[in-house]
Amino acid sequence: MAQLYPLKFKTIFKDKIWGGEKINTILGKDFSPLPNCGETWEISGVNGNVSIVKGGVLEGKTLTELIEEYKGELVGKQIYKKFGNDFPLLVKFIDANEDLSIQVHPDDQLAKERHDSFGKTEMWYIFQADEGTKLISGFNQDVDKETYLKHLNEKSLDEILNKEEITAGDAFFIPAGRVHTIGKGCLLAEIQQTSDITYRIYDFDRTDAEGNKRELHTEEALDAIDYKHYDQYKTDYDKKENEVVEIATCQYFETNYLHFTENTERDYKSFDSFVIYICFDGGFELDFGLGRIKVIKGDVILIPANIKNVKLTPEPFYKVLEAYVP
């Protein structure tokens with residue numbers, strides 16, 4: 001077997017009814033010949049959209065094939081024991097040129113019962129936002145099923161949803177069950193459980209090129225929604241330089257913010273997990289002991305679980321999201 005190394009994957013581009021140009025203009029990823037790009041899937045084990053390695057001796061192999069071959073060496077022993085050949089996280093970039101549908105995702109229990117799938121807890125990190133851009137996360141008051149349905153049927157959901165004006169660097173943790181949507185004018189990274197189950201609640205009566213409205217999942221969503229109001233929806237964290245700053249932690253993933261202008265050494269000896277680097281500004285050279293690779297803005301790197309120490313040399317700085325399974 002070939003020695004594992006930090007892996008890059010071929011980007012999976014997806015055009016959307018609401019997609020735009022920022023994946024190319026800001027992140028430097030050419031999505032032609034698609035008319036727009038709403039999402040890129042950067043690391044995915046989702047059936048039908050499994051990532052393929054780009055570069056190195058493992059080029060052309062799928063993520064699933066690698067897990068089958070390397071098992072815990074790639075993903076971590078406990079992760080392999082729990083998930084088998086399923087990769088537990090999905091990393092996307094999303095460019096909302098129009099508002100996305102208002103939606104909700106089921107939790108593990110409901111997803112297992114209905115779809116024999118994982119639920120979908122996720123987080124967003126805002127790369128760029130046009131002035132005045134907003135997103136929706138949760139409710140602005142406690143509601144019950146009846147109140148929610150009344151507003152849904154009267155097309156007045158706007159009155160009970162929590163809106164947040166956003167700017168670059170904002171972060172939001174979106175647990176399964178939380179009603180949410182990304183607003184027009186936003187480019188972000190999404191780190192989530194591996195699941196493609198979305199219950200679309202409201203889609204602004206939009207139609208596609210053939211004049212068809214997209215399917216809604218009104219009934220399915222009712223038992224998935226968390227109707228409670230929470231005091232805070234945005235995630236607070238300190239944007240410190242040259243320190244590892246925790247942004248989000250849950251049972252499915254932990255995410256840190258790294259903004260470094262100094263050489264950094266990351267020690268993963270205590271980890272039993274792969275590590276993902278999402279570089280969203282600047283760049284660095286990554287030394288993994290057996291070699292070095294260049295990482296630039298827009299790159300997403302999977303560091304195998306058996307690589308326990310890496311050195312990052314900024315060129316001249318880097319901003320990275322670091323994600324792994326706790």
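The values are calculated or read from the model by the stated rules, or taken from the named source; none is laboratory data. Note that the structure is predicted; figures quoted are calculated from it, not measured. Backbone-built Cβ (ideal geometry, glycine too); neighbour counts: all protein chains shown.
Overview of results
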item	result
Of residues in the range 17-33 being free of Cβ contacts under 8 Å to residues at least 24 places away in the same chain and out of contact with any strand residue (DSSP E or B) (no Cβ under 6 Å at 6 or more places or on another chain), the one surrounded by the most Cβ atoms within 10 Å (Cβ to Cβ)	N24
Output for the range 43-53, where each listed residue is assigned to a loop (DSSP other than H, G, I, E, B) and either more than 22 Å from the chain's Cα centre (by Cα) or surrounded by fewer than 20 Cβ atoms within 10 Å (Cβ to Cβ) (or both)	N47, G48
Count of the range 83-121 residues which are of a type in the set (G, A, S) and either outside the structural domain of D208 (by TED's automatic domain parsing) or assigned to a helix (DSSP H, G or I) (or both)	1
Residue within the range 203-219 that is of a type in the set (F, W, Y) and crowded, with 19+ Cβ neighbours inside 10 Å present	no
Residue among E220, E246, E265, E254 that is more than 30 Å from K77 (Cβ to Cβ) and acidic (D, E)	E220
Test for L4: is it of a type in the set (A, V, I, L, M), within 18 Å of the chain's Cα centre (by Cα) and assigned to a loop (DSSP other than H, G, I, E, B)	no
Pairs where the first residue, in the range 142-161, is on the phi > 0 side of the Ramachandran plot and assigned to a loop (DSSP other than H, G, I, E, B) and the second is surrounded by 13 or more Cβ atoms within 10 Å (Cβ to Cβ) and at pLDDT below 95, C-beta under 7 Å, 6+ apart	none
The range 127-143 - residue that is hydrophobic (A, V, I, L, M, F, W, C) and within 19 Å of the chain's Cα centre (by Cα) and, of those, surrounded by the most Cβ atoms within 10 Å (Cβ to Cβ)	L135
Residue match in the range 261-275 (condition: of a type in the set (S, T, Y), within 16 Å of the chain's Cα centre (by Cα) and either modelled with pLDDT of 95 or more or in a loop (DSSP other than H, G, I, E, B) (or both))	no
Residue among G177, G132 that is at pLDDT 95 or above and under 20 Å from T235 (Cβ atoms)	G177
Search result, residues across the range 286-295 that are surrounded by fewer than 20 Cβ atoms within 10 Å (Cβ to Cβ) and in contact (Cβ under 8 Å) with a residue 40 or more places away in the chain	F288, L290, G291, I293
From the options V325, V275, V320, residue that is of a type in the set (A, V, I, L, M), out of contact with any strand residue (DSSP E or B) (no Cβ under 6 Å at 6 or more places or on another chain) and surrounded by 15 or more Cβ atoms within 10 Å (Cβ to Cβ)	V325
Conditions (1) more than 16 Å from the chain's Cα centre (by Cα); (2) surrounded by 17 or more Cβ atoms within 10 Å (Cβ to Cβ); (3) outside any loop (DSSP other than H, G, I, E, B): number failed by W124	(1)
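Yes or no, residue by residue, for (1) touching a helix residue (DSSP H, G or I) at 6+ places or on another chain (Cβ under 9 Å); (2) closer than 27 Å to E42 by Cα:
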| site | (1), (2) |
| --- | --- |
| K120 | yes, yes |
| H151 | yes, no |
| L157 | yes, no |
| K163 | no, no |
| I166 | no, yes |
| F173 | no, yes |
| I201 | yes, yes |
| D205 | no, no |
| R214 | no, yes |
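Every residue, every condition in (1) on the phi > 0 side of the Ramachandran plot; (2) surrounded by 17 or more Cβ atoms within 10 Å (Cβ to Cβ); (3) in the same structural domain as S270 (by TED's automatic domain parsing); (4) charged (D, E, K, R), yes or no:
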{"residue": "W41", "(1), (2), (3), (4)": "no, yes, no, no"}
{"residue": "G55", "(1), (2), (3), (4)": "yes, no, no, no"}
{"residue": "L58", "(1), (2), (3), (4)": "no, yes, no, no"}
{"residue": "L66", "(1), (2), (3), (4)": "no, yes, no, no"}
{"residue": "K71", "(1), (2), (3), (4)": "yes, yes, no, yes"}
